[in-house]
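Asks: This structure is in structure tokens; I'll ask about it shortly.
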Amino acid sequence: LNYSNPDITDVVLSFLESIKMKKNHEGVESGKYMSHSHVRKHHDAVLHCSIFADVPLPSGYRRELKLFLDGYQKVYASEKQDGLVTEREADAIPFPLYDQICGWAVTIGNVFLWTWTILQWNCVARSSSIDPLGFNNLTMGASDSVRIMYDKSKADRKGEKLTPKNLYANPFRPQICPFVGLGVYFCIHDHELSQGGAFFLRQGAKGTAGAKYCKELSDLLSSHSAEVRIYIREGHDRSHGFREGSATHATSCITCGPPLTSVANRGEWSMGKVFDSYYCYGDAGDQYLGRVLTGLDPSQPSFSVLPPHFEDPNHEDVQEALDLCFGQILNGHPDSKGPLLLFLASLVYHRDWIDEIRSISTSHDFNKIRLFVENRALLDRLTLLVTLDQTDQMRPTGIPPHVDQLILLNKALKEIEVIGGAIDELGVH
């Protein structure tokens, strides 16, 4: 596009007019209209590129394009009533469907699909943000969380305004637990991951890991179409739905949910120039959000649960298990030891569930977890070292005040029951 062309407004308008109707592979119009957002994004691209190229657009450009797009939005709404539109947007994937998708992926042994899905949900991410993640993006959080930090995003190519995302364990639901998913994935890909820093991208592989994920997700959902249609429309089951679904879940699972600013920061969404400047990232809000996204119930005292962890992380058995499961990763990425310790503890804590999945088939990928196959005696000893109890080094973060009150009320109720029982005994005597 020639930005110095004085007729650029007419050129863009003509182009947008030409893409309003869906065309087949031969370029013949189908009679159905493309969505307003599909047309608008080309206009957005022109605006962005003019800023990037530092070339101003004609003074009347924005006004003319706004008139065109406003008018097309009305046309699209009218044609939609007659079924003459092509809707391509993804439907939000709700939490129950997300839970089922993770279960299906685990059952068929697709650990790649399972782990990616958990990360995309918990990071409220685009697929393009999960694709390049590596060990340089993974660090320990304050105490009971691990953090993911992108290098860049679609909205921030320079990586100047990115914020960390706290991920938490879910000791009650291993199939949606980030610590279990990452632990299993890292364990069975220990050698491959030691060769490079990226989790999913492979040197020499054709295409992106994101393209592979979207294809495998589509195949999985097609094989469960009846269950999927309960929640979302046919043809609208795309990976972007996890991003929409997790954001919706975070803001609607309870009436006193995480701050909207925390949700916007995690999703890398702009809140406008003023809010972006004055409503900055805060650990407490993001930590609360991380607990909600991992599937913990903010209306229960158990929301404050700690992740499985080792009472003595320096115990010789723990170090032996770390070397067995993640030894090659640690050789190449020694700074990842903190998160890997938590992932290992979650694997040990959920040993019964992992064994249950392993029993599905001898070829199941869970049978590549060396600790469970090669050294069961070590696994037995580690089971005695794992706890959910609070220690000086492990304390719950991201706990809202109402959960603290629930915990106190729960303790009070138990004490009242004990007192009531004692009174009943006195009455008997």
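Asks: Give the residue, chosen from His48, His43, that is surrounded by 14 or more Cβ atoms within 10 Å (Cβ to Cβ) and within 26 Å of Arg157 (Cα to Cα).
Replies: His43 is the lone residue from the list that is surrounded by 14 or more Cβ atoms within 10 Å (Cβ to Cβ) and within 26 Å of Arg157 (Cα to Cα).
Asks: Pairs please, first residue from the range 246-259 and closer than 22 Å to Asp91 by Cα and open to solvent by less than 40 Å² (accessible area, probe 1.4 Å), second anywhere and in a loop (DSSP other than H, G, I, E, B) and of a type in the set (S, T, N, Q), Cβ atoms under 7 Å, 6+ apart in sequence or on different chains.
Replies: From residues that are closer than 22 Å to Asp91 by Cα and open to solvent by less than 40 Å² (accessible area, probe 1.4 Å), the pairs are Ile254/Ser299.
Asks: Quickly run through the range 390-400 and pick out the residues that are open to solvent by less than 100 Å² (accessible area, probe 1.4 Å) and farther than 19 Å from Thr294 by Cβ.
Replies: Thr391
Asks: Could you tell me whether any residue of the range 122-131 is outside any loop (DSSP other than H, G, I, E, B) and closer than 20 Å to Asp283 by Cα?
Replies: Within the range 122-131, one or more residues are outside any loop (DSSP other than H, G, I, E, B) and closer than 20 Å to Asp283 by Cα.
Asks: Are any residues in the range 53-89 out of contact with any Phe, Trp or Tyr (no Cβ under 7 Å at 6 or more places or on another chain) and farther than 24 Å from Ser18 by Cα, and if so, which ones?
Replies: Scanning the range 53-89 gives Asp54, Pro56.
Asks: Follow-up question, since we're still on this one. Applying the selection to the range 153-178, what residues are among the aliphatic types (A, V, I, L, M), within 14 Å of the chain's Cα centre (by Cα) and part of a loop (DSSP other than H, G, I, E, B)?
Replies: Ala169
Asks: Please return the ranges of helices (runs of 4 or more DSSP H) entirely within the range 247-298 where 3 or more residues are touching a strand residue (DSSP E or B) at 6+ places or on another chain (Cβ under 7 Å).
Replies: Per the criteria, 283-293.
Asks: In addition: Check Leu67 against each of (1) in a helix (DSSP H, G or I); (2) in contact with a strand residue (DSSP E or B) (Cβ under 8 Å, 6 or more places away or on another chain); (3) open to solvent by 80 Å² or more (accessible area, probe 1.4 Å) and name the one condition it does not meet.
Replies: (2)
Asks: Give the number of residues within the range 149-167 that are surrounded by 22 or more Cβ atoms within 10 Å (Cβ to Cβ) and touching a Pro at 6+ places or on another chain (Cβ under 7 Å).
Replies: 1
Asks: Right, something else. Which one of these does Pro58 not meet: (1) surrounded by fewer than 16 Cβ atoms within 10 Å (Cβ to Cβ); (2) touching a residue at least 24 places away in the same chain (Cβ under 8 Å); (3) under 27 Å from Ala226 (Cα atoms)?
Replies: Tallying (1) surrounded by fewer than 16 Cβ atoms within 10 Å (Cβ to Cβ); (2) touching a residue at least 24 places away in the same chain (Cβ under 8 Å); (3) under 27 Å from Ala226 (Cα atoms), Pro58 fails exactly one: (3).
Asks: Out of (1) within 30 Å of Asn410 (Cα to Cα); (2) open to solvent by 40 Å² or more (accessible area, probe 1.4 Å); (3) not aliphatic (A, V, I, L, M), what's the single condition that is false for Arg381?
Replies: (1)
Asks: Does Val373 qualify as being over 25 Å from Asn136 (Cβ atoms), β-branched (Val, Ile, Thr) and under 29 Å from the mean Cα position of the chain (by Cα)?
Replies: So Val373 does not fit the description; no.
Asks: On to the next question. Any idea which of Leu217, Leu296, Leu289 is touching a Pro at 6+ places or on another chain (Cβ under 6 Å), among the hydrophobic types (A, V, I, L, M, F, W, C) and surrounded by 14 or more Cβ atoms within 10 Å (Cβ to Cβ)?
Replies: After ruling out the rest, the residue left standing is Leu289.
Asks: Have a look at Arg88, Arg126 and point out the one that is of a type outside the set (Asp, Glu), at pLDDT below 90 and closer than 22 Å to Gly245 by Cα.
Replies: Answer to the selection: Arg88.
Asks: Determine if the range 96-119 includes at least one residue that is assigned to a loop (DSSP other than H, G, I, E, B), modelled with pLDDT of 85 or more and not charged (D, E, K, R).
Replies: Yes, the range 96-119 contains a residue that is assigned to a loop (DSSP other than H, G, I, E, B), modelled with pLDDT of 85 or more and not charged (D, E, K, R).
Asks: Could you tell me whether Phe15 is under 27 Å from Glu79 (Cα atoms), in a helix (DSSP H, G or I), of a type in the set (Phe, Trp, Tyr) and open to solvent by 60 Å² or more (accessible area, probe 1.4 Å)?
Replies: yes
Asks: Let me ask another. Just give me the residues in the range 81-95 being in contact (Cβ under 8 Å) with a residue 40 or more places away in the chain and assigned to a helix (DSSP H, G or I), in sequence order.
Replies: Within the range 81-95, just Phe95 meets the criteria.
Asks: Can you tell me which of (1) in contact with an Asp or Glu (Cβ under 9 Å, 6 or more places away or on another chain); (2) open to solvent by 40 Å² or more (accessible area, probe 1.4 Å) is the one Ser78 doesn't meet?
Replies: Tallying (1) in contact with an Asp or Glu (Cβ under 9 Å, 6 or more places away or on another chain); (2) open to solvent by 40 Å² or more (accessible area, probe 1.4 Å), Ser78 fails exactly one: (1).
Asks: So, one more: Which residues, taken from the range 352-396, are assigned to a helix (DSSP H, G or I), under 19 Å from Thr115 (Cβ atoms) and not aromatic (Phe, Trp, Tyr)?
Replies: Matches in the range 352-396: Ile354, Glu356, Ile357, Arg358, Asp365, Asn367, Lys368, Arg370, Leu371.
Asks: For the range 81-111, what are the residues that are more than 32 Å from the chain's Cα centre (by Cα) and closer than 30 Å to Leu220 by Cβ?
Replies: Gly83
Asks: Another question, if that's okay. Those residues that are surrounded by 16 or more Cβ atoms within 10 Å (Cβ to Cβ), of a type in the set (Lys, Arg) and out of contact with any Cys (no Cβ under 9 Å at 6 or more places or on another chain), I need them from the range 348-378; list them, please.
Replies: Within the range 348-378, Arg351, Arg358 meet the criteria.
The values are calculated or read from the model by the stated rules, or taken from the named source; none is laboratory data. What you see is a predicted model, and the numbers here were worked out from it, not measured in a lab. A quick note on method: Cβ atoms are made from the backbone with ideal geometry, for glycine too, and the neighbour counts reach across all protein chains shown. The accessibility values were calculated without ligands, DNA or RNA, using every heavy atom of the protein model including side chains. Shrake-Rupley method; radii C 1.70, N 1.55, O 1.52, S 1.80 Å.
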